[in-house]
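The next block holds one structure in the form of structure tokens; read it before the comments.
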Amino acid sequence: MEIEKIKAFREKIRVPGDKSISHRALLVAAQAPGLSCLCGLSDSEDVKATRQCLRQVGIAIEDEARTTCVLGKGLPHWHEPEAALSCENSGTTMRLLAGLLAGSAMRATLVGDASLSNRPMQRIVGPLTLMGGQIQAMTDKGRPPLMVTGGKLKGCDHRLPIASAQVKSALLLAGLSATGVTRIWEKHPTRDHTERMLRAFGCNIDFSPGYAEVQGGQTLRPFHFQTPGDISGAAFFLVLAAVTPGAELVVENVGLNPTRTGVLDVLRAMGASLTCTVHRTEPEPVGSIHVSGGHLRGFRVGGADIPRLIDELPILAVAAALATGRTEVRDAAELRVKESDRITALLTELRQMGARCQELPDGFTIEGGRLSGALVNSHGDHRLAMSLAVAGCSAEGITLLRGAECVAVSYRGFFTTLESLVKAGEALYA
Ligand code: S3P
């Protein structure tokens, strides 16, 4: 993929359905006996993996235009899968499904691609075992495949040492079929999409930032759900607009859940001119974001802010490399166990483009300045591919991006939208 510097553009865009929310909508609808209609789900490879796994356990899922119809049934009526459940590149699929299946009546093996096979699973195996689950990571160091033998679970109190929405969600989904109450305390609050989705499907669940509790043995009710646009996908274009002087961008119908909007707070702290309008708040906040381009300054972030922007740190690192002054990101060691080691991989590539940056065990520092076109590699990581594409659009000269096709893991139409912004910029200057 060859990328050149973009001209200032004025555009209004929409982004695909939120990936995190789409996984949950499918997994929760699949357990609610009856027909649920899910509108505007993410068409990403990750969400496709969740759909395929659910089909393998006997859930009928059909698409009619932009609506996905799911014929749910209670967990005891799911079928034992004949083959391994392939979670592909999706940690959310593997961790949430493992939690859910731990309380079923069947055996299943969950496998992933090379990247997922290298990601830590002990973080769910430990607490699910405490609930009485039979779950095993099949390789050393607690890596996938996972073998789950469903059985009776008991509710449990969990204090999570790592802030992880995937772990919290796996335990809440397990808690739904356990006896008694499952309570979870988090070190720092993480995205609450599972809690909101369960509530929308009629579950009596109590939650507040950093805490959630669910009573086992509840039956869910089908629901008709509208998926908000993915703020993590929007973030690439928000940053591109924010670092392009003279650019104006509106992103419509995008999720504005406060557990996900850390990227907006950082862009404001960097000096970006950005406004949000909330159109509805239930079951998920949705609205539009307007951003104008200009010159940004470096930022510092760490602690409780990290889970609110963990997936946006790669694109914020690109913004930092183009800003004035120093940026420091701490308490983000989780970046090392994502689809790639996002600290080492990203900094390696940004250095190719002339960025002055330094790795820390739990983050990085960047001295802002300019970027120059270079040959860069996505390391097969979708968020790195999109971050480097934006870096290429803001660099002097030509950037050649290797491994760009992996964007489909979360955002199939990413390059089509990017192209529309390039054309909008050219049209303004024609
Ligand atoms: C996700 C939670 C986060 C995030 C991931 C999606 C989710 O992971 O990085 O992209 O859908 O729950 P962790 O739970 O590992 O922090």
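So here's what we get for this one:
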| item | result |
| --- | --- |
| Ser36 vs. criteria closer than 18 Å to Leu146 by Cα and either in contact with a Leu (Cβ under 9 Å, 6 or more places away or on another chain) or buried (at least 24 other Cβ atoms within 10 Å of the Cβ) (or both) | no |
| Any hit, segment 352-366, residues being part of a helix (DSSP H, G or I), more than 14 Å from the ligand (Cβ to nearest atom) and free of Cβ contacts under 8 Å to residues at least 40 places away in the same chain | yes |
| Conditions (1) more than 16 Å from the ligand (Cβ to nearest atom); (2) outside any loop (DSSP other than H, G, I, E, B); (3) under 24 Å from Asp113 (Cβ atoms): number failed by Asp43 | (2) |
| Residue pairs meeting the criteria (Cβ under 9 Å; at least 6 apart or on separate chains; first outside any loop (DSSP other than H, G, I, E, B), in segment 189-204; second open to solvent by 20 Å² or more (accessible area, probe 1.4 Å) and within 11 Å of the ligand (Cβ to nearest atom)) | His193/Thr259 |
| Pairs with Cβ under 8 Å, 6+ apart, first in segment 71-99 and under 28 Å from Tyr411 (Cα atoms) and open to solvent by 20 Å² or more (accessible area, probe 1.4 Å), second among the acidic types (Asp, Glu) and more than 13 Å from the ligand (Cβ to nearest atom) | Glu88/Glu45; Glu88/Asp113 |
| Index of the failed condition, Thr275 passing every other in (1) of a type outside the set (Lys, Arg); (2) within 22 Å of Lys19 (Cβ to Cβ); (3) more than 16 Å from the ligand (Cβ to nearest atom) | (2) |
| Residues (modelled with pLDDT of 95 or more, open to solvent by 60 Å² or more (accessible area, probe 1.4 Å) and part of a helix (DSSP H, G or I)) located in segment 119-166 | Gln122, Thr129, Leu130 |
| Selected residue (criterion: nearest to Leu335 (Cα to Cα)) from residues of segment 117-147 that are within 22 Å of the chain's Cα centre (by Cα) and of a type in the set (Val, Ile, Thr) | Ile124 |
| Options Gly373, Gly413, Gly403, Gly392; residue that is on the phi > 0 side of the Ramachandran plot and either open to solvent by less than 10 Å² (accessible area, probe 1.4 Å) or assigned by TED's automatic domain parsing to the domain that holds Cys357 (or both) | Gly403 |
| Selection within segment 145-162 - in contact with a Gly (Cβ under 9 Å, 6 or more places away or on another chain) and within 14 Å of the ligand (Cβ to nearest atom) | none |
| Single condition Arg308 does not satisfy, out of (1) more than 15 Å from the ligand (Cβ to nearest atom); (2) under 19 Å from the mean Cα position of the chain (by Cα) | (1) |
| Where Leu96 falls short, out of the listed (1) assigned by TED's automatic domain parsing to the domain that holds Gly142; (2) away from the ligand (no atom under 14 Å from the Cβ); (3) on the phi < 0 side of the Ramachandran plot | (2) |
| Boolean, Arg221 is in contact with a strand residue (DSSP E or B) (Cβ under 9 Å, 6 or more places away or on another chain) and either assigned to a loop (DSSP other than H, G, I, E, B) or closer than 23 Å to Thr327 by Cα (or both) | yes |
| Count of residues meeting criterion [of a type outside the set (Asp, Glu), touching a helix residue (DSSP H, G or I) at 6+ places or on another chain (Cβ under 8 Å) and closer than 11 Å to Pro228 by Cα] in segment 278-297 | 1 |
| Qualifying residue in segment 396-411 (condition: among the hydroxyl-bearing types (Ser, Thr, Tyr), in contact with a helix residue (DSSP H, G or I) (Cβ under 9 Å, 6 or more places away or on another chain) and part of a helix (DSSP H, G or I)) | no |
| Which listed residue, of Arg221, Arg183, Arg191, Arg199, is open to solvent by 10 Å² or more (accessible area, probe 1.4 Å), within 22 Å of the chain's Cα centre (by Cα), more than 16 Å from the ligand (Cβ to nearest atom) and basic (Lys, Arg) | Arg199 |
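The values are calculated or read from the model by the stated rules, or taken from the named source; none is laboratory data. None of the values given here were measured: they were computed from a predicted structure. Because the Cβ atoms are built from the backbone with ideal geometry, glycine has one as well, and the counts that use them run over all protein chains shown. These accessible areas exclude ligands, DNA and RNA; they are computed on the full protein's heavy atoms, side chains included. Shrake-Rupley method; radii C 1.70, N 1.55, O 1.52, S 1.80 Å.
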